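In what follows, a single structure is set out as structure tokens and then discussed.
Read-outs: derived from the displayed coordinates by stated rules, not from any lab. Since we're looking at a predicted model, the values are computed, not measured. Ideal geometry is used to build each Cβ from the backbone, glycine not excepted, and the neighbour counts take in all protein chains shown.
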Amino acid sequence: MRCVIIGGRLPEIAFQTITGSLTSDTSYTFSSQPIGTAHNSRLVIVAVAYINSSASSATCTIAGGAATEISGAGIRSSSGGSTEVQVKMFARIVTSGTTASIVVNTGSASGCWIGIWSAYYLRSATAVDAEAYYASGSTNILDLDVSSRGVACGFGLMPNAVSWTGMTEEHDAITAGVWMTGATYTAGAAESPRTVRINTSPGAGATACAASFR
């Protein structure tokens, strides 16, 4: 009797870094950011949070090429206030190099922060599901559909320390009093949805996004 295995390696995801700038500008360049081991399957995922009262959308380049915005992982509250935090997520396949410049064009803004992940061996660069949330209370709700043996990542910009439910919290950083947090998840079975939450107290104005891939 012969046994035949069909398919390649299972998807993998690795957190890379979180950084930010609390300065006023229209474009933010984050030079020489780590993007993981080079590979022809590598998808670099960048979450972006920025303060901008305009309704204009941010754009992002990764390693000199235009990144694709991940549908469903973008949000702005309806207030349009000058201190409003907006959040989006972008991705681009980058096969070479271990570092890259990330450039985020926001229009007139007073701060910008990014989180970076590298995913490998995906069946598709298109997200299975993506969510974003602007919390008026202490909980960001990022419940995601996840595929069997898929992967996911999440990012949040918070006013205080956080705890994650449904993903493994991998990094927290504070810049000028702003708390940034990142997490990942590798699925066993499919879930529709998996409960994913970021809790922080006090939490008014906390903003977050997440996406899953297979």
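I need the shape label for region 78-214. Rule: rounded when a/c is under 1.5, else prolate if a/b > b/c, else oblate, with a, b, c from the alpha carbon gyration tensor. Verdict is oblate for region 78-214. Across the chain, Cα pairs under 8 Å and at least six residues apart give a relative contact order of 28 percent. Take each peptide in 58-71, 165-178, count the other Cβ atoms within 10 Å of every residue, and average; sorted highest first, the result is 58-71, 165-178. Packing, taken as the mean count of other beta carbons within 10 Å per residue, orders the peptides 27-34, 39-46 from highest to lowest as 39-46, 27-34.
Report the local net charge at Leu43: Lys and Arg +1, Asp and Glu -1, summed over other residues whose C-beta lies under 13 Å from its C-beta. For residues surrounding Leu43, the net value is +3.
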